[in-house]
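Before we start, here is the structure in question, set down as structure tokens.
The values are calculated or read from the model by the stated rules, or taken from the named source; none is laboratory data. In this text the structure is predicted, and so the values were computed from the model without any measurement. Every residue, glycine among them, receives a Cβ derived from its backbone with ideal geometry; neighbour counts consider all protein chains shown.
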Amino acid sequence: MSSLDFSILVQAWPYLWSGLLFSLSLTAAAFAIGMALGTVFALVQHAEVPILGQVVRGYIALIRSIPLILVLFWFFFLVPIVLGHATGNGRPIPIGATWTAFITFGLFEAAYYSEIIRVGLRSLNKGQFEAAHALGLSRFMTYRLVILPQVIRVVSPIILSQTIILFQDTSLVYVLSLTDLLGAASKLAQLNGRLVEMYLFVAVVYLAICSAASQAVVALRRKNTLMSLTR
Amino acid sequence: MFDVLFERTSDGDLYIDWLLSGLGWTLALAFFGWWIAFGVGIAIGVGRTVRNRFIARASRLYVEVFRNIPVLVQMFLWYFVLPELLPGAIGNWLKQMPPPWGSFFPALICLGLYTAARIAEQVRAGIEALPKGQAEAAQALGVGVWRTYRLVIIPQALRLIVPSLTSEVMGIYKNTSVALTIGLLELTAQARQISEITFQTFAAFAAATVIYLALALCAYQLMMAIDKATRIPGNAQTAVRKTPRVPDADRAMA
């Protein structure tokens with residue numbers, strides 16, 4: 001057993017920090033895309049839009065059945081081809097691993113967020129729709145002003161837990177050789193040979209961030225229960 | 001479209017044999033990993049509900065640690081870090097374990113213990129959902145704590161949580177793909193290898209996707225059958241099932 005030397009981390013910190021920033025921005029972008037798209041997916045299913053509803057349902061079932069790593073490989077290969085067709089010249093346009101990661105995580109998480117929002121929609125009292133209808137609100141305004149605000153509040157703890165999982169999942173961009181927190185650590189470990197210190201440190205950073213966020217989930221849950229008790 | 005799968009590889013196999021061998025490793029990891037996760041998960045889940053403060057705290061710590069570190073990082077800890085931290089002889093023995101066992105065992109332990117933390121939370125929820133009277137009645141009958149858990153609490157709690165365990169089953173077979181990062185040639189790794197050699201990316205990934213879909217379907221049907229067979233008839237607690245829940249919301253890494 002070789003002696004551990006954590007002073008190496010001082011030197012490594014700037015690079016690891018830039019990796020952590022990448023992980024966080026990937027999480028933020030995937031959250032934004034995933035929530036926006038996921039809400040649309042959930043509404044399309046809830047409103048039972050013909051054909052589109054079934055397509056969305058199929059997409060979600062497919063995405064949720066295959067591993068994220070395989071999805072990353074798929075998009076890394078498919079997105080350039082789709083873009084090539086979209087721009088009309090038919091030749092694949094390479095977009096690089098970074099863009100692949102952002103697009104993949106956004107589309108992938110949309111499937112999971114959409115399921116959460118759909119359950120929230122189902123849990124809402126039917127009277128909410130009827131009351132909004134009776135007040136003469138249009139369908140769009142009903143969802144925007146009455147339904148969605150309540151749904152988001154109800155499911156906010158689950159959304160946050162899902163986002164913690166998303167943050168952990170971003171470490172999988174390792175398979176695309178990107179420099180997220182884990183990627184940065186593994187690249188440094190290959191240079192300086194201190195992989196024990198590097199990986200232990202990465203584990204501690206993830207543990208600290210995710211534990212803190214889990215506490216927030218607990219607090220949100222408590223707040224929600226209190227509100228439903230006083231209502 | 002799948003013609004490429006029936007072409008010969010450089011070592012005389014068909015490409016489809018590679019996929020099937022990958023599927024074998026995926027299934028082996030998921031199956032044996034599941035039983036580790038189930039055993040440890042029940043123990044930790046029970047540990048979170050007992051009176052003994054030390055056991056309750058230790059169980060909580062276990063769940064916190066294993067749930068809040070990404071499975072890929074845990075994979076690296078088991079594969080790269082553990083052999084370095086162990087005394088020389090054992091560490092070297094681990095490092096020199098021949099492939100594929102050198103990657104398989106760390107991956108198995110990693111997935112088992114990671115999934116155990118998630119199952120523990122479900123078990124705890126199941127135990128807490130039981131009416132207090134169950135434990136009290138057992139106590140009144142003079143049944144000891146250990147036997148109360150074994151004969152009264154755990155069997156009922158497990159029957160309650162079958163639906164939520166479905167998402168853990170789905171999670172563990174998807175997480176097996178993370179083992180490719182430590183060199184195990186499971187299904188996704190084989191699909192990538194075929195795509196790199198033959199450039200038939202679409203066929204290779206599509207075949208793997210179809211296999212994963214079939215696995216998901218089987219896992220789902222199996223869990224539905226178990227749920228149907230073990231559902232507690234007429235129990236007020238079955239109402240728990242009717243509250244809308246997000247399948248897979250606490251999904252493990254895909």
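Among the helices (runs of 4 or more DSSP H) contained in region B:73-167, which hold 3 or more residues that are out of contact with any helix residue (DSSP H, G or I) (no Cβ under 9 Å at 6 or more places or on another chain)? Can you show your working first?
Values: elements: B:82-85, B:88-95, B:101-129, B:132-140, B:145-148, B:154-160.
Hits in region B:73-167: B:132-140.
Read through the list (1) more than 12 Å from chain B (Cβ to nearest Cβ); (2) under 25 Å from A:V146 (Cα atoms), then give the number of the only condition that A:N89 fails.
Here A:N89 meets the rest and fails (2).
For region B:58-70, does any single residue satisfy the condition of being away from chain A (no Cβ under 14 Å), part of a helix (DSSP H, G or I) and not hydroxyl-bearing (S, T, Y)? Explain how you work it out, then say what you get.
Taking region B:58-70 and keeping what is away from chain A (no Cβ under 14 Å), we get B:58-59.
In the following step, the residues that additionally are part of a helix (DSSP H, G or I) were identified as B:58-59.
Still in the running and not hydroxyl-bearing (S, T, Y): B:58.
Yes: one or more hits.
Right, another one. Considering only region B:199-221, state which residues are more than 10 Å from chain A (Cβ to nearest Cβ) and touching a residue at least 12 places away in the same chain (Cβ under 8 Å). Step through it out loud before you land on a result.
Start the filter on region B:199-221 by keeping residues that are more than 10 Å from chain A (Cβ to nearest Cβ), which leaves B:199-200, B:203, B:207, B:218, B:221.
Within region B:199-221, B:Q200, B:A203, B:A207 qualify.
Is it fair to say A:F108 is in contact with a Ser or Thr (Cβ under 9 Å, 6 or more places away or on another chain) and either crowded, with 21+ Cβ neighbours inside 10 Å or within 11 Å of chain B (Cβ to nearest Cβ) (or both)? Walk me through it before giving the result.
Numbers: in contact with a Ser or Thr (Cβ under 9 Å, 6 or more places away or on another chain): no; either crowded, with 21+ Cβ neighbours inside 10 Å or within 11 Å of chain B (Cβ to nearest Cβ) (or both): yes.
The answer is no for A:F108.
Of the conditions (1) more than 9 Å from chain B (Cβ to nearest Cβ); (2) of a type in the set (A, V, I, L, M); (3) under 27 Å from A:L9 (Cβ atoms), A:L145 fails just one. Which one is it?
Condition not satisfied by A:L145: (3).
Still on this structure, please answer the following. Looking at region B:63-74, can you tell me whether even one residue there is surrounded by 19 or more Cβ atoms within 10 Å (Cβ to Cβ), in contact with a Ser or Thr (Cβ under 8 Å, 6 or more places away or on another chain) and among the hydrophobic types (A, V, I, L, M, F, W, C)?
Start the filter on region B:63-74 by keeping residues that are surrounded by 19 or more Cβ atoms within 10 Å (Cβ to Cβ), which leaves B:63, B:66-74.
Right, trim to in contact with a Ser or Thr (Cβ under 8 Å, 6 or more places away or on another chain) and you get B:67-68, B:70, B:72-73.
Subsequent filtering for residues that are among the hydrophobic types (A, V, I, L, M, F, W, C) retains B:72-73.
Yes, region B:63-74 contains a residue that is surrounded by 19 or more Cβ atoms within 10 Å (Cβ to Cβ), in contact with a Ser or Thr (Cβ under 8 Å, 6 or more places away or on another chain) and among the hydrophobic types (A, V, I, L, M, F, W, C).
Conditions first: (1) more than 10 Å from chain B (Cβ to nearest Cβ); (2) in a helix (DSSP H, G or I); (3) surrounded by 15 or more Cβ atoms within 10 Å (Cβ to Cβ); (4) modelled with pLDDT under 95. A:S214 passes all but one, so which condition is the exception?
Of (1) more than 10 Å from chain B (Cβ to nearest Cβ); (2) in a helix (DSSP H, G or I); (3) surrounded by 15 or more Cβ atoms within 10 Å (Cβ to Cβ); (4) modelled with pLDDT under 95, only one is false for A:S214: (1).
Another question, if that's okay. Given (1) within 14 Å of chain A (Cβ to nearest Cβ); (2) closer than 27 Å to B:P100 by Cβ; (3) in a helix (DSSP H, G or I); (4) modelled with pLDDT of 90 or more, where does B:E196 come up short, assuming only one miss?
With respect to (1) within 14 Å of chain A (Cβ to nearest Cβ); (2) closer than 27 Å to B:P100 by Cβ; (3) in a helix (DSSP H, G or I); (4) modelled with pLDDT of 90 or more, B:E196 is out only on (4).
Can you tell me which residue among A:I117, A:I164, A:I158 is within 14 Å of another protein chain (Cβ to nearest Cβ), out of contact with any Ser or Thr (no Cβ under 7 Å at 6 or more places or on another chain) and not acidic (D, E)?
Going through A:I117, A:I164, A:I158 in turn, just one is within 14 Å of another protein chain (Cβ to nearest Cβ), out of contact with any Ser or Thr (no Cβ under 7 Å at 6 or more places or on another chain) and not acidic (D, E): A:I158.
Condition (residue is closer than 25 Å to B:S177 by Cα, within 10 Å of chain B (Cβ to nearest Cβ), under 18 Å from the mean Cα position of the chain (by Cα) and hydroxyl-bearing (S, T, Y)) applied to region A:175-196: is it met by at least one residue?
No.
Something else now. Which one is farthest from the chain's Cα centre (by Cα), of the residues in region B:133-168 that are buried (at least 20 other Cβ atoms within 10 Å of the Cβ) and within 14 Å of another protein chain (Cβ to nearest Cβ)?
Residue satisfying both the conditions and the ranking: B:S164.
Can you name every residue in region A:173-195 that is buried (at least 18 other Cβ atoms within 10 Å of the Cβ) and more than 19 Å from B:N68 (Cα to Cα)? If you could, list the steps in order and put the result at the bottom.
Residues of region A:173-195 that are buried (at least 18 other Cβ atoms within 10 Å of the Cβ), as a first pass: A:173-176, A:178-186, A:188-189, A:194.
A:V175, A:L176, A:L178, A:T179, A:A184, A:S186, A:L188, A:A189, A:R194, listed by residue number.
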